[in-house]
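The values are calculated or read from the model by the stated rules, or taken from the named source; none is laboratory data. Just so you know, these numbers come straight off a predicted model, no measurement behind them. Cβ atoms come from the backbone with ideal geometry, glycine included; neighbour counts cover every protein chain shown. Surface accessibility is based on the protein's heavy atoms, side chains included, excluding ligands, DNA and RNA. Shrake-Rupley method; radii C 1.70, N 1.55, O 1.52, S 1.80 Å.
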Amino acid sequence: MSADPRAQGALADQGPAPARGPDPDGSGGSDGPGRDRQQGTLRGALGGLTTRGRSFLAAGLAATLCAYVLGQADLLRVGMLLAVLPLVCVVVLHRTRYRVAGSRRLTPSRVPARDESRVHLRVDNVSRLPTGLLMLQDRVPYVLGPRPRFVLDRVEPGGRREVSYRVRSDLRGRFPLGPLQLRLTDPFGMCELTRSFHAYDTLTVVPRVEPLPAVRLAGETTGYGDGRQRSLALAGDDDVIPRGYRHGDDLRRVHWRSTARHGELMVRREEQPQKARCTVLLDTRRDAYSGSGPDSPFEWAVSGAASVCLHLLERGYAVRLLTDTGAMAPGPDGASFGGDSSDTAGLLLDTLAVVEHSAEPGLGRAHDVLRGSTTGREGLLVAFLGDLDEDQATLVAGMRQRTNRAVAFAAQAAYPGLGREAFDASLRVLAESGWTALPGGPGISVPALWRDADNAVVKGLDR
């Protein structure tokens, strides 16, 4: 939503609503042009008569009937006035409601769990008549808090009103905001009409990310730290792969020796240095975790995976996220590793924002993805695991063969059925196969585990 234009929307189609320009800060969306979702007929507007309006109408009709029976002209005038006044208010309100426009803006539209986002609402009166009293109401999911309501005073022709409210969620997810609803009232309080815009905005609540210490996990592929700098420094003029000239290529890149050999223009294509890769494996099996809620072992694992992904992206890694279902982010094989751009970080966070428990019985699909990879060794493998029995621990141990270094964090509270002995046995199986396996879980700091993993790797190499 953050890249969409922020336009205004009229309640109906009687006259175009003015459009606002693209969002200058890229922080939110809006209610776009939309038609009232209720029928915009005059008969439907009559259903909006208030108690006062119905009383006036009933009194006017009764007075008119009595005046006709009794032959009282003065009473007839009073009755007609009482009956016509609410009807006139209905007609006026029925016509003027189409000229009210509204918009919504989120700042920010992507927010970590337990942080707040502010929603800005704006109402514009684009008609030549004042609106009267308005009640503004926005529909939000219950997990974001109570439904916000605002009472707006009379909006002058061409005027606007702006209000805002805050939303906060302890749970990850994508939550729709809207539609925006307006209750319009005439100056005499005879009629109230509630109308809705069409458009929704989406608030994305991503897992919390903790900053990790800048340690070097030994045994990684070149391309990280000093190794990567050396690779760049060693790339000279002779490290080229010539290819045919294409329209638009820089003539300064023409490789004359290859041009003379092939008899056509050839340009230099510098060989790119190898970039370190990392696969973050997240175990999402429903049977592998106990409990639920923001402080559950599963949420701890999701938050840890998000922290590792963003940390490694910042360190120049090509990162991909893999789950037990075999699903990968950023994309399918061949484009599965994301670079260090903010787009990749946003995609990974959006994926983790909506990840849920799976019904997979084991980690076989993830094992098949790693075994069938065509990119060679996987570099660094970081796994956040749940409950592992003996068979699953052996399966995970086999994933180590495709990596240069493998680190596993297992949530202790995720082992309600197996107990502490089985938990320790699973960690021993992983350690014996070359994994650096550490216990984790709710209440245990992911940055501290990350540092302990580095220390464990260094000690293992010193032996």
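Scanning the stretch 138-178 for residues that are open to solvent by less than 20 Å² (accessible area, probe 1.4 Å) and more than 18 Å from residue 107 (Cα to Cα) yields 152, 155, 159. Pairing each residue of the stretch 353-379 that is part of a loop (DSSP other than H, G, I, E, B) with any residue that is at pLDDT below 90 and among the small types (Gly, Ala, Ser), provided the two are 6+ apart or on different chains, yields C-beta distances under 7 Å for 379/276. Exactly one residue out of 335, 327 is open to solvent by 20 Å² or more (accessible area, probe 1.4 Å), modelled with pLDDT of 90 or more and among the small types (Gly, Ala, Ser): that is 327. Selection over the stretch 388-398 of residues that are outside any helix (DSSP H, G or I) and buried (at least 24 other Cβ atoms within 10 Å of the Cβ) gives a count of 1.
Within the stretch 417-429, identify whether any single residue is in a helix (DSSP H, G or I), among the small types (Gly, Ala, Ser), within 31 Å of the chain's Cα centre (by Cα) and surrounded by 15 or more Cβ atoms within 10 Å (Cβ to Cβ), and answer yes or no.
Residues of the stretch 417-429 that are in a helix (DSSP H, G or I), as a first pass: 419-429.
Adding the requirement that they be among the small types (Gly, Ala, Ser) leaves 419, 422, 425-426.
From what's left, within 31 Å of the chain's Cα centre (by Cα): none.
No: the stretch 417-429 contains no residue that is in a helix (DSSP H, G or I), among the small types (Gly, Ala, Ser), within 31 Å of the chain's Cα centre (by Cα) and surrounded by 15 or more Cβ atoms within 10 Å (Cβ to Cβ).
Cβ contacts < 7 Å: first residue part of a helix (DSSP H, G or I), restricted to the stretch 43-56; second residue open to solvent by 60 Å² or more (accessible area, probe 1.4 Å), any location; separation 6+ or different chain. Result? Taking only residues 6 or more apart or on different chains, the pairs are 44/38. Of all residues in the stretch 264-282, which are open to solvent by 70 Å² or more (accessible area, probe 1.4 Å) and at pLDDT below 85? Scanning the stretch 264-282 gives 269, 270, 271, 272, 274.
In the set (1) in contact with a helix residue (DSSP H, G or I) (Cβ under 9 Å, 6 or more places away or on another chain); (2) over 30 Å from residue 348 (Cα atoms); (3) of a type outside the set (Lys, Arg); (4) surrounded by 15 or more Cβ atoms within 10 Å (Cβ to Cβ), the condition left unmet by residue 100 is number (1).
Matching residues to (1) at pLDDT 60 or above; (2) closer than 29 Å to residue 198 by Cβ:
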| residue | (1), (2) |
| --- | --- |
| 13 | no, yes |
| 17 | no, yes |
| 32 | no, yes |
| 50 | yes, yes |
| 54 | yes, no |
| 60 | yes, no |
| 68 | yes, no |
| 78 | yes, no |
| 109 | yes, yes |
